[in-house]
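Asker: Let me begin by handing over the structure; questions about it come next.
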Amino acid sequence: MEQGTVIFLNGASSSGKTTIARALLGMLDEVYLTLAVDDFVTTLLRPYLAPQEGFVPPDGLEEAVNAYLPAMAAAYHHAVATLAGRGANVIIDHVLQDPAWLYECVTLLAGAPVLFVGVRCPLDELERREAERDREPGTARYQYERVHAHGLYDVEVDTAADDVQACAARIVAALRTLEPRTSAFRRLRARYAGAD
């Protein structure tokens with residue numbers, strides 16, 4: 001079975017990945033599924049994040065969630081790889097704050113054509129958006145350097161410099177010229193193989 005194409009959006013929280021993913025759906029010629037890491041984790045934790053009236057969270061909930069985060073991230077990566085392996089085109093909305101997550105994605109998606117997109121935004125703008133959206137303070141600052149530490153993409157966009165339509169158009173143009181044999185994911189796989 002032919003592998004689906006993956007558009008892999010990576011950037012800090014509040015950088016605009018979800019908005020870009022929505023815009024891409026209206027610009028792409030083929031059907032794409034969207035799967036955001038935040039939505040995936042939120043679905044698993046929904047009973048705790050949106051509890052019924054009278055619900056009292058158990059002691060140690062935050063510690064347990066943090067302990068389960070690597071397993072939830074791995075499940076997310078495997079879900080994306082399974083979808084692509086079954087021929088589905090997928091737009092990933094991810095925050096690669098842990099180098100092990102990138103390694104796992106590069107390994108699991110070895111057979112799929114992947115367009116690796118760096119979604120950038122200056123830190124001061126990320127923090128402004130974070131406050132405006134009432135997100136956990138400090139998240140953007142924590143993720144800012146980590147998510148792009150690998151330094152290799154097929155295309156990068158800056159959501160503070162360009163509007164969402166321009167960012168999405170740039171991604172679509174890069175997808176049309178993607179050469180899987182020289183893609184960022186292929187080069188990252190070679191880098192990891194050389195380090196083993």
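Every number here is computed from the coordinates shown, using simple stated rules; none is lab data. Since the structure is predicted, the reported quantities are computational estimates derived from the model, not experimental observations. In this analysis, Cβ positions are derived from the backbone assuming ideal geometry, glycine residues included, and neighbour counts consider all displayed protein chains.
Asker: Given the options Val114, Val56, Val95, which has the most mean-square fluctuation in a GNM of the chain, springs set between C-alpha atoms less than 10 angstrom apart?
Answerer: Answer for the Gaussian network model of the chain: Val56.
Asker: Sticking with this structure for a sec: Fully extended, how many nm does the chain gain between Ala149 and Ala79 (0.36 nm per residue separation, minus their Cα-Cα distance)? Walk me through the numbers before you get to the answer.
Answerer: On the way: separation 70, 0.36 × 70 = 25.20 nm, distance 2.43 nm.
In short, 22.8 nm is gained.
Asker: Something else: By the scheme Lys and Arg +1, Asp and Glu -1, what is the net charge of all other residues having a beta-carbon under 11 Å from that of Tyr76?
Answerer: Details: positive: none; negative: Asp38, Asp39, Asp93, Glu104.
Value of the local net charge: -4.
Asker: Could you identify which residue out of Glu136, Glu179, Glu104 has the top mean-square fluctuation in a GNM of the chain using Cα springs shorter than 10 Å?
Answerer: Judging by the Gaussian network model, the answer is Glu136.
Asker: Related question: Could you pull the Cα extents of region 86-196 along its three principal axes, largest to smallest, in whole Å?
Answerer: Principal-axis extents of region 86-196 (Cα, largest first): 40, 33, 25 Å.
Asker: What is the sum of charges around Ser183, taking Lys and Arg as +1, Asp and Glu as -1, for the other residues whose C-beta is under 11 Å from the C-beta of Ser183?
Answerer: Numbers: positive: Arg181, Arg186, Arg187, Arg189; negative: Asp154, Glu179.
Here the charged neighbours net out to +2.
Asker: Have a look at Ala21, Ala79, Ala36 and tell me which one the Gaussian network model of the chain (Cα, springs below 10 Å) gives the largest fluctuation.
Answerer: Among Ala21, Ala79, Ala36, the largest mean-square fluctuation in the Gaussian network model of the chain belongs to Ala79.
Asker: Now for a separate question. Calculate how steeply helix 184-195 sits against the longest principal axis of the alpha-carbon atoms of the chain, using the helix alpha-carbon long axis, and give the answer as 0 to 90 degrees to the nearest 10.
Answerer: That helix lies at roughly 80 degrees to the long axis.
Asker: Just to be sure I understand the model, the point goes 7 Å from the Cα along the line to the Cβ. What's the resulting Tyr142 to Val56 distance in nm?
Answerer: Result for the modelled spin labels: 2.8 nm.
Asker: In the neighborhood of Leu28, defined by Cβ-to-Cβ distances under 13 Å, what is the net charge if each Lys or Arg adds +1 and each Asp or Glu adds -1? Display every interim value, and only then the final one.
Answerer: Values: positive: Arg22, Arg176; negative: Asp29, Glu30.
For residues surrounding Leu28, the net value is 0.
Asker: Another one. Could you tell me the largest-minus-smallest coordinate of the C-alpha atoms of the chain on each of the three principal axes, in descending order and whole angstroms?
Answerer: The Cα atoms of the chain stretch 53, 36, 35 Å along the principal axes, largest first.
Asker: Going from the alpha-carbon gyration tensor of region 143-196, what semi-axes, largest first and in whole Å, does one get by taking the root of 5 times each eigenvalue?
Answerer: Numbers: eigenvalues 121, 58, 4 Å².
Calculated on Cα positions only, the semi-axes equal 25, 17, 5 Å.
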